[in-house]
Amino acid sequence: MKRILPVLVLTLAACGSQPSAQQAQAATLTWAIETQPITLNPQQWAQNKVRLLVFNQFDALLSRGRDGAFEPWLAKSWKVSDDGLTYTFELRDDVTFHDGTKFDAAAVKANLEQFLVPGYNAAVAAIQLAAFDKAEVVSPTTVKVTLKKPDGLFLDFLASPYSGQVSPKSLKSAKNLKFGGLDLVGTGPFILDRYVQGQEIHYHRNPAYKWAPPSAGHQGPAYLSELTYRFLPEAAVRVGALTSGQVQVIEGVPATEVNLIKKDHAFQTALNSGTSFSYYFNTSHAPFDDQRVRQAFREAVNVDAVLASVYQGTATRAWSVVGKASPFYDPSLEHTFGGDTAKANALLDEAGWTRRDSAGFRVKDGKRLTVRSVSSAPFVRDRRDILAQAIQAQVKQTAGIDFQVKIVDQGTAQQALDENQYEIFENSRGDSDVGAALNLILPSKGAINRTRFSDPRVDKWLAQASATADQALRKEIYTRVQRAVVTEKAIVFPIYVPADQLAAQKSVHGLGFDPGSGTPRNAYDVQAGT
Amino acid sequence: MIKRLGTGLAVLWAAATSSYVALLLAPGDTIDILIGNGVDTPEIRAKIVAEWGLDRPEVVQYLSYLWRLLHGDFGRSYQLQRGVGEILATQVGPTLQLTLAAAATGVSLAVIIALATAGRGRWLRGTASAVELVSVSVPPFLIGIVLLSVFSFTFGWFPVSGASGPQALVLPALALGLPIAGVLGQVLRGGLERALEQPFAVTARARGLTERALVARHALRHALIPAVTLAGWFTGTLLGGTVITEALFGRPGLGQVAMQAVTGRDMPVVMAVVLLSAVVYVAISTLLDLAYRAIDPRIGG
């Protein structure tokens, strides 16, 4: 308590000098989160789980409305030229950064150009901004961006955390630019004032804030005057902290605790955007170079039963590589595969895996039907290790497949991938526009193409879909892509759609999920209540 | 003294070098770690190699690493994009608080229990011994969870997280200190009981000294030598235990930094933590030597 007192005193003093802050009541909230940010600089952002922190402190040029469509935020309006190469943005003229400098066209230009500084963010420069040519200041409130080639994902980039606008002054003066921190400031509804690694991050309200996106629950400053996020990586501890009233909100509720939490607390969940959690089959060598074996693996697993036992009915089954929350999801794929044991065995017999060894596994030419999955321990979450064990038991029992699950350190996992010593690659991606994820996973030269599968048609379709902003056309193309990889070629085994959960004291209102990503929203609309 | 300093430096050099070599031999290379789960293309790789100077020969990288260490420069964290020195500086304080509090808790519990039960009836000794055994054999993670459920979630006496204020220190210090109290208590009681059977104890009793005064003034000093020898183990347990305790209680500190760094193979941070632990060991073993002499004047210099 002793340390909190001076902060309160300071806040009171600040309220006295700024009348606008007095209109909103003082309210504080403590929120326990699972994941610590590895950086506070939005331009270096890499963790979907900390999206909620980014948008407390920073605002992007565009936002996504409740239906997922783009809407104005710091940019009042935008125009795209007919050839898709020139974007003209009209900016709000009443926005100031937390350091008092004004947000204008020059700031937008400086933010975009910052990505091109060598060694700053090579990945974004090479992928999201691959098409970026230049940004020009037309007037203080008008900025014109020119692309080298049309890019259907450019607006998505401008609504992502990467587009969180940073004060150009602090981009120059920040002590630790890549890490960010107190001296790297934005225009967001909250101002960062304390970060203790391993413990907590603390914000106070930005009293001048009046530029919330139209779909926000209210306008003007945030309801909360003080906001603390505690880092509690242990799920049982987060739940205990909530039920004992030490925190008001938690995210990441384990499936085993959901029913307990629901009794006395408000609980909500949302499907993430991006790709489903899927097993990708390595088609470059046996046994998954044979499509019949790929299909047999999918038929050998009763996904519903596995999900019910591992996630106690809280998981949503996936039917496509594209997550169910995406506008490009193809529902016609539902119930087209999985759970047919007889078919699995017939397919394997047909593929020549007819004999069995003493352990009951299928054998062909003296080799056991073994498939290996290698995952890196830091990225295993959501009980995916338990899920893999359940699938392992099923495929052994129903079809005689030897599924080996290895969870290793990052270096070993990377080595297995580089040396092609794996048959199954487990992955889900949380990109707000699933096209960005598909561009990495599916094309022959995709940066994380672990299926080593190559289909010129898929390559062509993905390029077409990326070059257009016509959503109807993109949906049509992505439907073709999904049918090709899920049904026709069976290179992927979609399992479940990742989701996020929020649980809170019943007095807390205004919590919700970001319509773009399906992850918890920032705290702008949150009210602590009484 | 100069000889001691020389040995200390040699230990530090060995720690720095062996951790460097170990990480070099581990599977996967540094570029893979820097890319992590991210996007992986040849041009991104080339940019990263240039940025971190990974294209130089390994010997040059090793020597430049030693050279920078000599200047107190621990390098930059691959993961956290900050200077390692800066990261450690902010994290040493909370860990120091936690380990000191845990050590104090462990030692005082051990001394109290040993003094209260040494040479007493079978029941008392048996109970104390059983409790000690439990505290040693139950994993610290479980001790922590049980302490939290009872004293924080149910009674609400102590907050679950944070390094703010002494209240938040109680449960983590207990969780970390209990296993130490368990081992130390048994060793101390054993030592006390052996000392009480020595001829000098009989003499002292014959001079009319009360049992309590005998234990506190004479026997304790004898019992301390085996206990102090355990201090090396004790330091290791404390430093290792912080990894679990800090994550569980949501406390800042070196333990959780080390954990993050090891799983992410953040070499500069791992090596800095190894070096820091080596420094602590060297310092503690030096202090121990001095302590032996104070406790038992027969051990001469």
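Each reported figure results from applying straightforward, stated rules to the coordinates on display, with no laboratory input. None of the values given here were measured: they were computed from a predicted structure. Cβ coordinates were reconstructed from backbone atoms using ideal geometry, including for glycine residues, and neighbour counts include every protein chain displayed.
Quick notes on this structure:
- Taking the inverse of the mean 1/r over every pair of distinct Cα atoms in the stretch A:238-316 gives a Kirkwood hydrodynamic radius of 15.8 Å.
- Residues A:285, A:509, sorted so that the one with the fewest Cβ neighbours within 10 Å comes first: A:285, A:509
- Neighbour-count ranking [beta-carbon atoms within 10 angstrom, fewest first] of B:229, A:451: B:229, A:451
- Take the Cβ atoms of residue A:284 and residue A:472, set R0 to 35 Å, and the FRET efficiency comes out at 0.50.
- When the Cα positions of A:56, A:221, A:207 are compared along the charge dipole of chain A, A:56 comes out farthest toward the positive end, with charges on each C-beta of Lys, Arg, Asp and Glu.
- The coefficient of translational diffusion for the stretch B:87-251, derived via Stokes-Einstein from the alpha carbon Kirkwood radius under 25 °C and 0.890 mPa s, stands at 144 µm²/s.
- Near residue B:110: Cβ cut-off under 14 Å, other residues only, Lys/Arg at +1 and Asp/Glu at -1. The net charge is 0.
- Comparing B:235, B:127, B:210 in a Gaussian network model of chain B (Cα springs below 10 Å), the most mobile by mean-square fluctuation is B:210.
- A straight line joining the Cα centroids of the stretch B:40-119 and the stretch B:250-301 runs 11 Å.
- Per-residue mean of foreign Cβ neighbours for A:137-148 is 0 (Cβ atoms of other chains, 10 Å radius).
- For the residues of A:114-126, the average number of beta carbons from a partner chain within 10 Å of their own beta carbon is 3.
- Percent antiparallel among DSSP beta bridges (both partners in chain A, rounded to 5): 80 percent
- Within straight-line cross-link reach of residue A:364, lysines at Cα separation under 27 Å, skipping those fewer than 8 residues along the same chain: A:343, A:396, A:406, A:489
- Those trypsin sites (Lys or Arg not before Pro) in the stretch B:151-241 that DSSP places in a loop and that have at most 16 other beta carbons within 10 Å: B:207
- Quotient of C-alpha Rg and 2.2 N^0.38 Å, computed over chain A: 1.04
- Separation of the residue B:151 and residue B:3 label points, Cα + 7 Å toward Cβ, nm: 4.6 nm
- Euclidean distance of C-alpha centroids, the stretch A:77-122 and the stretch B:198-246, integer Å: 69 Å
- The alpha carbon radius of gyration of chain B, expressed as a multiple of 2.2 N^0.38 Å, is 1.24.
- Of the DSSP H helices in chain B, those whose Cα atoms cover at least 24 Å axially and whose Kyte score averages 0.5 or more: B:2-25, B:84-117, B:167-196, B:231-249, B:267-295
- Chain A - percent relative contact order, Cα under 8 Å, separation 6 or more: 20 percent
- With a 10 Å cut-off around each Cβ of B:243-253, the average count of Cβ atoms from other chains is 4.
- Sites residue A:175 and residue B:283, calculated FRET efficiency, Cβ-Cβ separation with R0 35 Å, nearest 0.05: 0.65
- Centroid-to-centroid separation of the stretch A:437-506 and the stretch A:175-199 [C-alpha atoms, Å]: 35 Å
- Cut-off under 5 Å, modelled amide H: who pairs with residue A:356 long-range: A:363
- Least to most buried among A:102, A:263 (fewest other Cβ within 10 Å first): A:263, A:102
- Relative contact order (percent, whole number), chain B, Cα cutoff 8 Å, 6+ residue spacing: 25 percent
- For the stretch B:227-267: rounded, prolate or oblate by the Cα gyration tensor [a/c cutoff 1.5]: oblate
- Those aspartates and glutamates that a straight Cα-Cα span of less than 17 Å connects to residue A:324, excepting residues fewer than 8 apart in one chain: A:67, A:304, A:334, A:431, A:433, A:476, A:500, A:514
- Considering only B:264, B:106, B:185, the Gaussian network model of chain B with Cα springs below 10 Å gives its largest mean-square fluctuation to B:264.
- In this label model, residue A:408 and residue B:58 are separated by 1.8 nm, measuring between points 7 Å along each Cα→Cβ vector.
- The mean sequence distance of close C-alpha pairs (under 8 Å, at least 6 residues apart), as a share of the length of the stretch A:173-248, puts its relative contact order at 21 percent.
- 222 nm mean residue ellipticity, helices alone, for the protein assembly as shown (DSSP H n ≥ 4; -39,500 (n - 2.57); rounded to 500): -14000 deg cm²/dmol
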